[in-house]
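Heads up: the structure comes next, in structure tokens.
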Amino acid sequence: MKVFKFGGASVKNADAVKNVANVLKQFLNEELLIVVSAMGKTTNALETLAKSYYDKSKQKNKIYNEIKSFHDEVIGGLLKNKESHAYDDIENLFIELECMLETKPESTYDCVYDQIVSYGEIFSSRIVSTFLNEAGIKNRWMDAQNFIVTDNNYREGRVDWEITTSMIANKLKPIVKKQMVVTQGFVGRSQNMKTVTLGREGSDYSAAIFAYGLDATDVTIWKDVDGVMNADPKKFKDAVKLDALTYSHTIELAYYGATVIHPKTIQPLQSKNIPLYVKSFVNPKGKGTVVANNSKEKNIPTFIVKSNQVLLSISSRDFSFIVEEHLSKIFEAFASHKVKMNLMQNSAISFSVCADNSGDNLKHLKSELAINFNLLSNEKLELLTITHYDDKAISKLTKGKNILLEQRTRATVQFVLK
């Protein structure tokens, strides 16, 4: 039994969806679960819609119409029988979202965000499933929320592994054994029946959750690149593909900000020794990259750049040492405002943190910290991480830049650069 995950780029328009069908035709004799992301940049558009709705902006109808027009265009390029029941189901989903937008927001922004942004995966998976059936690739669409159970931590749902694994193994697995199933990434449902998302770019994680519950033989993430690269090819012209990676190294790369694989994806797979393949949907017969326990990886330097970073320097008001009591308050503030620490370093009288510039969350965090601490802030920075580094690579990438913070281990070096 295999789990395939197709990301936004692989379903970004009608031609891309047709290519997904061509890829799947090579695996028709396999037991397959297909996890689909939102189409193209739909998640970004739905995030804008959620903010507009919550702020009661007059722009919400315009944004909604643009999202619907985009999906109508994709449908028009795919579905031959627009009078079919399947097309009505997709249309009804848009009506459902439109009705929600006509009501007043009655919950927190994070809750509202999850109820709206999750529609991207629902739209996409419904369209893909319907087209595949029309193309002769018989499948059954199923709602991921019926299987992935989470807590109420909106936008970063924590999976209830006991219930989720039981639901997937007992309810979903018998169906996948009989026919191909198409479902969504990114989404789960709390026990009080509210939609909860699993974190931005969380469809990889969804694939791993399903693979864990299904005891899948392997997982394949289909991308627009040949595999996991040692750097972003859009930023590094000499980027090369990594043929093999261990689970532990992949976890580190994802944690440091490599965007090819979601950070939470690896651990469920590692716990059951399920190999992960990252392959190109443009070149599906290519070898791609394999992530597994016994992978024989080469010590090739990897380069990860995270933009739009902020460096916060936190010190006590009375010039006393930064000790456990202070750190406890600082960490609690970061957690409560959902601001991720990407790099931290402490001295006797200060604590420095490099974090994502997360807009309002960061603003509220800084306001809280300023109550008890002196606070210095540098914005519009880059966080550069190099694994298996050498002096030549460091010199080349830091030349002409101001190094605000540096941290080294035996295998990894990180710089906060301006």
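The values are calculated or read from the model by the stated rules, or taken from the named source; none is laboratory data. Being a predicted model, the structure only gives us computed values, none of them experimental. Glycine gets a Cβ as well: all are built from the backbone with ideal geometry, and neighbour counts include every protein chain shown. Calculation scope for accessible area: heavy atoms of the full protein, side chains included, ligands and nucleic acids excluded. Shrake-Rupley method; radii C 1.70, N 1.55, O 1.52, S 1.80 Å.
How much accessible area per residue does region 318-418 have, counting only protein heavy atoms and a probe of 1.4 Å, in square angstrom?
Ligands and nucleic acids excluded, the figure is 59 Å² per residue.
Taking residue 173 as the anchor, which aspartates and glutamates have their alpha carbon closer than 12 Å to its alpha carbon, excluding any fewer than eight residues away along the same chain?
Leaving aside aspartates and glutamates fewer than 8 places away in the same chain, those within reach of residue 173 are 31, 215.
Order 368, 162, 325 by their accessible area, 1.4 angstrom probe, all chains in place, largest first.
162, 325, 368
Per residue, how much accessible surface does region 1-124 expose to a 1.4 Å probe? Answer in Å², no decimals.
Counting only protein heavy atoms, the per-residue value for region 1-124 is 46 Å².
How much accessible surface area, in Å² rounded to 10, belongs to the heavy atoms of residue 193 with a 1.4 Å probe?
130 Å²
Name the residues whose placed amide hydrogens come within less than 5 Å of the amide hydrogen of residue 184, ignoring near sequence neighbours (fewer than 5 apart) on the same chain.
Close amide H contacts, sequence-distant or interchain: 36, 144.
Check which residues have an amide H placed less than 5 Å from residue 350's amide H, if you skip close sequence neighbours.
322
Given springs between every Cα pair under 10 Å in a Gaussian network model of the chain, which of 302, 217, 108 has the largest fluctuation?
Taking springs between Cα atoms under 10 Å, the residue moving most is 108.
If you line up the Cα atoms of region 310-394 on their principal axes, what length do they span on each, largest first, in Å?
Principal extents (largest minus smallest coordinate, Cα): 43, 30, 19 Å.
In whole percent, what relative contact order does the chain give with Cα contacts below 8 Å and a gap of six or more residues?
Contact order relative to length: 13 percent.
For region 294-332, run through the chymotrypsin sites (Phe, Trp or Tyr not before Pro) and keep only the ones in DSSP coil with at most 16 other Cβ atoms within 10 Å of their Cβ.
For chymotrypsin sites (Phe, Trp or Tyr not before Pro) across region 294-332 that sit outside H, G, I, E and B with at most 16 neighbouring Cβ atoms in 10 Å, the list reads 319, 321.
Tell me the carbon and sulfur percent of the accessible area for the chain, rounded to whole percent, probe radius 1.4 Å.
C and S fraction of accessible area: 50 percent.
Scan region 14-72 for GluC sites (Glu not before Pro) in coil per DSSP, keeping those whose Cβ has at most 15 other Cβ atoms within 10 Å, and list them by number. Show your work: numbers first, answer last.
On the way: sites: 30, 31, 47, 66; in loops: 30, 31.
Taking region 14-72 and a limit of 15 other Cβ atoms within 10 Å, the loop GluC sites (Glu not before Pro) found are 30.
Anything over 32 Å Cα to Cα? Flag those among 138/285; 234/272; 5/363; 51/380; 51/329, in the order listed.
234/272; 5/363
Could you state how much accessible area residue 241 has, in square angstrom rounded to the nearest 10, with a 1.4 Å probe and all protein chains kept in place?
Number for this one is 60 Å².
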